[in-house]
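Novice: Dropping a structure here in structure tokens format, bear with me for questions.
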Amino acid sequence: METGNEGYKAWENMSELIISVSGLRGIVGETLTPEVATRFVAAFASKLPSGPIIVGRDGRNSGPMLSRAITAALMASGRDCIEADVAATPTIGVLVRELQAAGAVQISASHNPPPYNGIKLFGPAGRVLDAETGSAIRDAYFAHETDWATFDQLGTITNSLDPHLPHLDKVLATVDVAAIAMAKHRVLLDSNHGAGGLLGRRLLEKLGCEIVLVGETPDGQFAHVPEPTAENLKGIAELVRTEKCAVGFCQDPDADRLALVDGAGRYIGEELTLALCVQRAMSHPDTRGPIVINGATSGMSESLAEQAGVQSFRSAVGEANVADMMIAQNATYGGEGNGGPIDPRVGYVRDSFVGMAQVLDLMTSSGNSLAELADALPKFHIVKSVAQVTADELPVLLSRLVSAHPEADATTGDGLRLAWSDKWLLVRGSNTEPIVRLIAEAQTQAEAQDLCDRAAALI
């Protein structure tokens, strides 16, 4: 298996602090310092309604330091703090609503390498901030806006005794627990020393699974590169096969993404996580309704919605954008193709635990293996790549692409999306990394790869 220090060459020269509407990421001790963290959450606190603020984190070793700095800044802003300690990002979203908090700060850099950490902000609805609110907080940060309290108005700290329980209960309520338990699935869970193992073990135990745990301890000592891609999960995939598991569940460090491995050790991926969850949703009356996916997600979910006779919508890339459109369209299900199903009954947050429970439910109710379910899905091939393009160069690249493909339907607003009847290409700057993402989908792998290669050749 790869070590946590391998496979990070793509991150070289990406050391600047990245601030988006949903939060920030940077290298600890360089661009992400205690001063930056305290200023950012102080700006956040100044824009929230009254009420306590929850503070959680993933397993990175810089998490406790940042948690203390952030908690101090919130207390200094007159805010009571509820410490959730190590908890998954979707768990924090559920906890905000459960405790009627004003918002939350989740300390995580998602799939970024170990030197990084980050801050993700939640509003009182228990979801990541919408673009308008996030922009206001970003502006307040750059303007050095703070609202420090006097000595007699300082906030307090309390600990959440079991931050995972409300989330566990909500996820279990979406599936047939008794039926899954009767099936006695043998499951491998790879949390890769992130936040997912704590709730992951409890969830799978409640579902009666025989569990092989890998990387359960949330200490940030990644056993492999943390983004759950096929390349990074080769060792885990082989372990699923040798341990004779029916399925391998692979989380990213903050557990809002889920990749799947079948019993033969085949990487099923993240795109199929959402597609399988949508397939299951379309078979249940309470979730059979409009779906929302983003512009970079595979058309598999669209096809499944069409087969079910319901509408599908595409939002701009980003969890907040998907959630916004789900609420606007009264969608019963949604998510992003990076392994992030969103079930509104649990919360408007990408959720690996929803994915695990509902994939097991689909396997149980259908009587089919994960491999059989995956092979029966509509056939599309998606290719994702990245390129180094500066912000100044990006408009030129997009203009070249439009000129090179006059036959395509071009839409802008979230980068550039070129659509044909049987394929599409999306080129957009990342919100969290200083790169440009090239994403294409077509009837064959070769055709999708060709779309990305031709776009990259124009850089």
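Novice: Of all DSSP beta bridges in the chain, what percent run antiparallel (nearest 5)?
Specialist: Numbers: 44 of 74 bridges.
Antiparallel: roughly 60 percent of the beta bridges in the chain.
Novice: Please report the spacing between the Cα centers of region 121-175 and region 60-95 in Å, no decimals.
Specialist: 9
Novice: Rounded to two decimals, what is Rg over Rh for region 381-457 when you use alpha-carbon atoms and the Kirkwood radius?
Specialist: Values: Rg = 11.6 Å, Rh = 12.4 Å.
Rounded to two decimals, Rg over Rh is 0.94.
Novice: Rounded to whole Å, give me the distance from the Cα center of region 374-404 to that of region 178-194.
Specialist: What the calculation gives is 35 Å, centre to centre.
Novice: Which pairs in the list 120/384; 184/384; 234/379; 47/206; 170/379; 184/423 are over 29 Å apart, alpha-carbon to alpha-carbon? Show your work: numbers first, answer last.
Specialist: Working: 120/384 24 Å; 184/384 35 Å; 234/379 23 Å; 47/206 39 Å; 170/379 32 Å; 184/423 40 Å.
Violating the 29 Å limit, Cα to Cα: 184/384; 47/206; 170/379; 184/423.
Novice: Among the aspartates and glutamates, which have Cα under 17 Å from the Cα of residue 244 when same-chain residues fewer than 8 positions away are ignored?
Specialist: Within reach: 190, 210, 262, 372.
Novice: What 222 nm value per residue comes from the helices of the chain, counting each DSSP H run with n ≥ 4 as -39,500 (n - 2.57) and dividing by all residues, nearest 500 deg cm²/dmol?
Specialist: For the chain, the value works out to -10500 deg cm²/dmol.
Novice: Measure off 7 Å from each Cα along the Cα-to-Cβ vector at residue 85 and residue 131, then give the distance between these two points in nanometres to one decimal.
Specialist: Taking the simple label geometry, residue 85 and residue 131 are separated by 3.9 nm.
Novice: Pull up all non-local amide H partners of residue 210: gap of 5 or more, or a different chain, and H-to-H distance under 5 Å with H placed in the peptide plane.
Specialist: Close amide H contacts, sequence-distant or interchain: 185, 186, 187.
Novice: Please sort 406-416, 263-273 by packing, taking for each peptide the average over its residues of neighbouring beta carbons within 10 angstrom, highest first.
Specialist: On the way: 406-416: 14.0, 263-273: 22.1.
Descending packing order for the listed peptides: 263-273, 406-416.
Novice: Return the long-range amide H neighbours of residue 313 (sequence gap of 5 or more, or a different chain), with a cut-off of under 5 Å between placed amide H atoms.
Specialist: Here 291, 292, 293 satisfy the definition.
Novice: Normalised by the residues of region 381-457, what does the relative contact order come to in percent, with Cα pairs under 8 Å and at least six apart? Walk me through the numbers before you get to the answer.
Specialist: Working: 124 pairs, mean separation 28.6, N = 77.
Taking the mean separation of contacting Cα pairs over the length of region 381-457, I get 37 percent.
Novice: Expressed as a whole percent, how much of the Cα-Cα distance distribution for region 44-131 exceeds 15 Å? Each step should come with its number before you reach the end.
Specialist: Numbers: 1985 of 3828 pairs.
The answer is 52 percent, as a whole percent.
Novice: Using modelled backbone amide H atoms (1.01 Å from N, in-plane), which distant-in-sequence or interchain residues come within less than 5 Å of residue 268's amide H?
Specialist: Counting only residues 5 or more places away or on other chains, the set is 260, 261, 262.
Novice: Let me ask something else about it. How high is the relative contact order of the chain? Use alpha-carbon pairs under 8 Å, at least six apart in sequence, and give a whole percent.
Specialist: 14
Novice: Then there is this: Compute the separation of the alpha-carbon centres of region 279-293 and region 19-35 and state it in Å as a whole number.
Specialist: Rounded to whole Å, the Cα centres lie 37 Å apart.
Novice: OK, next. Kirkwood hydrodynamic radius of region 164-379 from all distinct Cα pairs, in Å? Mind dumping the intermediate values first?
Specialist: Values: mean 1/r = 0.0596 Å⁻¹.
Its Kirkwood hydrodynamic radius stands at 16.8 Å.
Novice: Moving on. How large is log10 of I(q)/I(0) for region 9-163 at q = 0.10, 0.12, 0.20 Å⁻¹ when the intensity is taken from the Debye formula with one equal scatterer per alpha-carbon?
Specialist: Here the Debye-derived log intensity ratios amount to -0.30, -0.44, -1.28.
Novice: Give the Debye-formula value of log10 I(q)/I(0) at each listed q (0.11, 0.18, 0.20, 0.21 Å⁻¹), with one equal scatterer per alpha carbon of region 248-339, two decimals each.
Specialist: Each listed q maps to, in turn, -0.30, -0.76, -0.92, -0.99.
Novice: Using θ = phi - 60° and the Karplus form 6.51 cos²θ - 1.76 cosθ + 1.60, what ³J(HN,Hα) does each residue of region 250-264 get, whole Hz, x for Gly and Pro?
Specialist: So the J values, rounded to whole Hz, are 10, 9, 8, x, 9, 6, 9, 10, 9, 9, 10, 10, 8, x, 8.
Novice: Okay, next question. With a length cut of 20 Å (Cα positions projected on each helix's long axis) and a Kyte-Doolittle mean of at least 0.0, go through the chain and give me the DSSP H helices that pass. Before the final figure, lay out the partial values.
Specialist: Details: long enough: 352-366 (21 Å, 0.93).
Helix filter hits for the chain: 352-366.
Novice: State log₁₀ I(q)/I(0) for region 48-90 at q = 0.18 Å⁻¹ as given by the Debye formula over alpha-carbon point scatterers of equal weight, solvent excluded.
Specialist: -0.51
Novice: For residue 449 paired with residue 210, estimate the spin-label separation in nm (one decimal), with each label point 7 Å from Cα along the Cα-to-Cβ line.
Specialist: With each label point 7 Å from Cα toward Cβ, the separation is 3.8 nm.
Novice: Provide the packing ranking of 165-178, 378-391, i.e. peptides ordered by the mean count of other C-beta atoms within 10 Å per residue, highest first.
Specialist: On the way: 165-178: 17.9, 378-391: 15.5.
In descending order of packing, they fall as 165-178, 378-391.
Every number in this text was worked out from the coordinates using simple rules, so none of it is lab data. Small disclaimer: the values here were computed from a predicted structure and weren't measured. Positions of Cβ are backbone-derived with ideal geometry, glycine not excepted, and every protein chain shown enters the neighbour counts.
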